[in-house]
Amino acid sequence: MNESLTFHFDVDGTDFTSAGQASANVKRSLRQLGLAPDIIRQVSIAMYEGEINMVIHAGGGEADVTVFEDKIEIVLKDHGPGIKDIDLAMQEGYSTATDTVRSLGFGAGMGLPNMKRYTDEMHIETEVGKGTTIKMYVNLTD
Amino acid sequence: MTIGTIKEILEAEVVCGEESLDNEVFSACGSDMMSDVLAYVKNQAVLLTGLVNSQVVRTAEMMDMVCIVFVRSKKPTPEMIELAKDSSLVILTTPMRMYEACGKLYENGLRGESRHV
Ligand SMILES: Nc1ncnc2c1ncn2[C@@H]1O[C@H](COP(=O)(O)OP(=O)(O)O)[C@@H](O)[C@H]1O
Ligand SMILES: [Mg+2]
């Protein structure tokens, strides 16, 4: 595979029901590529958490996934409120999610830590009032 | 334990995935918080839950689970059933409550084993 493979998705921020579509699509494509199940699960869970975050915290955004020879890159970009304190947001259990979101089964404050745990690298760029871009990498080689 | 046995033990109805009832599963988990399932569960094949929305199916799909059991006779929406079919997930629905359903399965040898990655 010399040319990298890319996927682009618009993530609808108004529809909680359809959240996860991009991640599900990526999961299916990675399966077709014949990648190892563990790698696919890492990518799926990290991306899904990020996709849910874009929907519940940022009003939607865009997801771009690139499969390189040695790694998979996941970029999640939104124009939501941004994250004021990244260290705080990264703490397990910290969440600003509403009761409505909680009643839907999310908002335990485990998403960002989980994304970090499931990927080999994660970078957050965020500006309050402007938006957030999260880049995650999963290595394909040890 | 097969999914068919789970169905028997829980006196459950099959909503979709009838063709996969002979598949074997080795562990299960029960939760209404998908956040917790995504964060703490590893290699559990069956999800018991009282929460009904599309993200339950998505979560199971992302976690490579094979069966969702809705407790307290909850019924998934047609949309959820379609999603489940797309990823070959079995959906069962049992009249039992969460505590009882989990207890019955555990008692019959289906264990939990969740841990941090
Ligand atoms: N894309 C985002 N835009 C704005 N804020 C975010 C975003 N992602 C996460 N956050 C903030 O970081 C907190 C922690 O995120 P996370 O660990 O995923 O927990 P949860 O989503 O359960 O609240 C969120 O409650 C929210 O305040
Ligand atoms: Mg989250």
Practice problem: Order the following by accessible area, largest value first: A:Arg102, B:Arg97, A:Arg31. Probe radius 1.4 Å; ligands, DNA and RNA are ignored. | Solution: B:Arg97, A:Arg31, A:Arg102
Quiz item: Expressed as a whole number of Å, what is the distance separating the alpha-carbon centroids of segment A:1-26 and segment B:87-107?
Solution: 31
Quiz item: With contacts defined as alpha carbon pairs under 8 Å and 6 or more residues apart, what's the relative contact order of segment A:10-59 in percent?
Solution: 56
Quiz item: In straight Cα distance, which aspartates and glutamates are under 12 Å from A:Lys130, not counting same-chain residues fewer than 8 positions off?
Solution: A:Asp78
Quiz item: So which of A:Lys27/A:Lys71; A:Lys27/A:Lys135; A:Lys27/B:Lys74; A:Lys135/B:Lys85 end up more than 20 Å apart, counting from Cα to Cα?
Solution: A:Lys27/B:Lys74; A:Lys135/B:Lys85
Practice problem: Please give the per residue volume of the convex hull enclosing the alpha carbon atoms of chain A, rounded to a whole number of Å³. | Solution: 104
Exercise. State to the nearest 20 debye the size of the charge dipole of the protein assembly as shown about its Cα centre, where the only charges are +1 on K and R beta carbons and -1 on D and E beta carbons.
Key: 560
Exercise. Could you list the residues of segment B:11-36 with an amide nitrogen less than 15 Å from a label point located 7 Å from the Cα of B:Tyr106 in the Cα-to-C-beta direction?
Key: B:27-32
Practice problem: Mind checking which of A:Gly61, A:Val43, A:Leu104 is farthest towards the positive end of segment A:1-139's charge dipole, using Cβ charges of +1 (Lys, Arg) and -1 (Asp, Glu) about the Cα centre? | Solution: A:Leu104
Quiz item: Considering only DSSP beta bridges whose two residues both sit in the protein assembly as shown, what percent are antiparallel, to the nearest 5?
Solution: 75
Exercise. Using the Cα centre as the reference, give the magnitude of the dipole from point charges on the C-beta atoms of chain B (Lys, Arg: +1; Asp, Glu: -1; all else neutral), rounded to the nearest 20 debye.
Key: 380
Exercise. Quote the relative contact order of chain A in percent (integer), defining contacts as alpha-carbon pairs under 8 Å separated by 6+ residues.
Key: 26
Quiz item: So what is the 222 nm mean residue ellipticity for chain A from helices alone, if each DSSP H run of at least 4 adds -39500 (n - 2.57) and you divide by all residues, rounding to the nearest 500 deg cm²/dmol?
Solution: -11000 deg cm²/dmol
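Across the residues of B:57-69, average count of Cβ atoms on other protein chains within 10 Å?
Details: counts 2, 11, 6, 0, 7, 14, 4, 7, 0, 0, 0, 0, 0.
Average neighbour count from other chains, rounded to a whole number: 4.
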Quiz prompt | GluC sites (Glu not before Pro) within segment B:2-38: DSSP coil, no more than 12 neighbouring Cβ in 10 Å | solution = B:Glu11
Quiz prompt | Per residue, in Å², the accessible surface of segment A:5-139 once ligands and nucleic acids are set aside, probe 1.4 Å | solution = 46
Practice problem: Would you work out the charge dipole size for segment A:18-142 about its Cα centre, treating the Cβ of every Lys and Arg as +1 and the Cβ of every Asp and Glu as -1, and quote it to the nearest 20 debye? | Solution: 380
Self-check item: Beta bridges by DSSP in segment B:3-107, antiparallel share as percent, to the nearest 5
Solution: 20
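The values are calculated or read from the model by the stated rules, or taken from the named source; none is laboratory data. Computed from a prediction, not measured in an experiment: that's the story for all the values here. Quick reminder, even Gly has a Cβ in these numbers, built from the backbone with ideal geometry, and neighbours come from all protein chains shown. The area values use the complete protein model at the heavy-atom level, side chains included, leaving out ligands, DNA and RNA. Shrake-Rupley method; radii C 1.70, N 1.55, O 1.52, S 1.80 Å.
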